[in-house]
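Working notes, structure below.
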Amino acid sequence: MPQRLRAAIYGRYSTEKQSGASIPDQFRVGERLAERHDFEVVAHYSDAAISGGTAQRPGYQQMLEAARRGEFDVIVAEDTSRLWRNMAEQAPRLAELTDLGIAVVTHDLDTRAESGGMLAAIHGASSEQYRREI
């Protein structure tokens with residue numbers, strides 16, 4: 001029987017004006033995604049009231065450090081905009097995660113799929129543009 005992939009779930013919201021319940025809600029969505037893909041959830045990371053346009057997010061950085069130590073096999077988030085709203089961060093991070101053998105799975109992306117790279121670029125550009133608009 002193949003071993004289940006170990007998953008880290010990430011949640012984030014951008015501003016103090018958003019609900020504090022946003023992260024627990026995102027974690028619930030992530031748990032359902034993990035269950036659907038038969039992942040074993042081993043960690044949760046989050047950042048409150050910090051834009052996805054910056055990499056200077058403590059929870060995000062902790063998650064990347066854990067990824068580099070091989071503590072999980074996949075990052076699960078509600079959608080790619082929870083992880084990134086800046087292509088200058090998204091592109092090199094996805095390349096690094098791929099090199100580490102770590103997939104990213106959201107409602108709108110699964111980097112294990114052949115189309116993952118193209119979809120990541122499209123969603124990333126869209127998320128970055130939305131951040132600029134708001």
*Can you list the trypsin sites (Lys or Arg not before Pro) in segment 13-69 that are in a DSSP coil and have 12 or fewer other beta carbons within 10 angstrom?*
Lys17, Arg69
*Once fully extended, how much extra length lies between Leu100 and Thr15, figured as 0.36 nm per residue of separation less the alpha-carbon to alpha-carbon distance?*
27.5 nm
*Extension gain Arg28-Ala49, at 0.36 nm per residue separation less the Cα-Cα distance, in nm?*
5.7 nm
*asked:* Taking θ = phi - 60°, what integer Hz values does the Karplus form 6.51 cos²θ - 1.76 cosθ + 1.60 yield along segment 66-76, in sequence order, with x for Gly and Pro?
replied: 5, 4, 5, 8, x, 7, 7, 10, 8, 9, 10
*Counting only protein heavy atoms and using a 1.4 Å probe, what share of the accessible area of segment 1-112 belongs to carbon plus sulfur, as a whole percent?*
48 percent
*Relative contact order, percent, of segment 38-85 when contacts are C-alpha pairs under 8 Å separated by at least 6 residues?*
40 percent
_As an exercise, identify the GluC sites (Glu not before Pro) in segment 1-80 lying in DSSP coil whose Cβ has no more than 10 other Cβ atoms within 10 Å._
Glu16
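The values are calculated or read from the model by the stated rules, or taken from the named source; none is laboratory data. Values in this document were obtained by computation on a predicted structure and should not be read as measured data. Every residue, glycine as well, gets a Cβ built from its backbone with ideal geometry; the counts of neighbours run over all protein chains shown. Keep in mind that these areas ignore ligands, DNA and RNA; they rest on the heavy atoms of the full protein, side chains included. Shrake-Rupley method; radii C 1.70, N 1.55, O 1.52, S 1.80 Å.
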